[in-house]
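Read through the structure below, which is laid out as structure tokens, and then see the notes.
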Amino acid sequence: MDILQAVQARHSVRAYTTKTIEKEKINALQQEINDIKQESTLNFQIVTNDPDAFNTMTAHYGKFSNAVNYIAILGDKSEGQDTECGYYGERLVLLCQMLGLNTCWVALTYNKKKNKINIAPNEKLICVIAFGYGVSQGNDHKRKSFEQVTKNAQNAPDWFKKGVEYALLAPTALNQQAFRFSINGNKVKLQRRLGIYTKIDIGIVKYHFELAADKTNFVWE
Ligand SMILES: Cc1cc2nc3c(=O)[nH]c(=O)nc-3n(C[C@H](O)[C@H](O)[C@H](O)COP(=O)(O)O)c2cc1C
């Protein structure tokens, strides 16, 4: 499975089997984190076998089961790194998918008090990504159309249309898809609309667009 196939195959999964994740797969994730750290100041922690992290009232009634493995994404307390968190976190989500693992971004319904994450005094926890072997591959959801997330782009080149197509497959908090693309020559603008966690969403969407549109075709405005 290549990365664009991973984009198409990915759906959020909240119910996992009890199968242990192979060491090689954890190592592959750690290697990707090491690569990301060459270009990002974010901090990532892979936590396995933590039965408490998703065991909250909300998570319990909000349908997580056997979710015991996750990647915690931490940033500097004084920096706004939410968009970066989305961008690099999605790189890990798609790697999981290629490794045969399922995932779910989780900003809200995890146990913020009881978990195995080590947070340094200058750090803040931005988001976590649950991963594991899903009971299923998840379900597709209703998605916005090209017209709903673009402005004056009917005659846009194919690379732009393909970028938006894959951006529409990106996970967003509450499936809100609160973003809009516009194009001016080779300049592409991605704007955030109203909603919660939209800064993280925008990073995820940006990553998907870049994967499909080919970075040599455009520059971000
Ligand atoms: C930034 C972000 C935060 C999210 N937080 C939660 C969460 O707290 N609990 C949850 O069950 N799902 C959460 N999700 C998963 C979304 O609900 C899910 O991605 C969305 O409904 C679209 O479904 P899909 O991922 O299958 O395409 C979050 C997703 C994102 C991108």
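The values are calculated or read from the model by the stated rules, or taken from the named source; none is laboratory data. Quick caveat: nothing in here was measured; it's all calculated off a predicted structure. Every residue, glycine as well, gets a Cβ built from its backbone with ideal geometry; the counts of neighbours run over all protein chains shown.
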- Counted residues, the range 179-199 - those being free of Cβ contacts under 8 Å to residues at least 40 places away in the same chain and either among the aromatic types (F, W, Y) or not assigned by TED's automatic domain parsing to the domain that holds K215 (or both): 2
- Query: Got a number for residues in the range 126-158 being more than 22 Å from Y70 (Cα to Cα), surrounded by 10 or more Cβ atoms within 10 Å (Cβ to Cβ) and within 20 Å of the chain's Cα centre (by Cα)?
  - Reply: 4
- Query: Going by the structure shown, is C96 under 18 Å from the mean Cα position of the chain (by Cα), surrounded by 15 or more Cβ atoms within 10 Å (Cβ to Cβ), of a type outside the set (V, I, T) and near the ligand (Cβ under 10 Å from one of its atoms)?
  - Reply: no
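Table: residues versus (1) over 30 Å from N66 (Cα atoms); (2) in contact with a strand residue (DSSP E or B) (Cβ under 7 Å, 6 or more places away or on another chain); (3) without any contact (Cβ under 8 Å) to a residue 12 or more places away in the chain.
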{"position": "K124", "(1), (2), (3)": "no, yes, no"}
{"position": "F160", "(1), (2), (3)": "yes, yes, no"}
{"position": "Y166", "(1), (2), (3)": "no, no, no"}
{"position": "Q177", "(1), (2), (3)": "no, no, no"}
{"position": "A212", "(1), (2), (3)": "yes, no, no"}
{"position": "T216", "(1), (2), (3)": "yes, no, yes"}
- Out of A9, A53, report the one residue that is within 15 Å of the ligand (Cβ to nearest atom), at negative phi, under 16 Å from the mean Cα position of the chain (by Cα) and not assigned by TED's automatic domain parsing to the domain that holds A167. A9
- For the range 1-112, which fully contained helices (runs of 4 or more DSSP H) count at least 1 residues that are β-branched (V, I, T) and modelled with pLDDT of 95 or more? 3-9, 23-36, 82-98
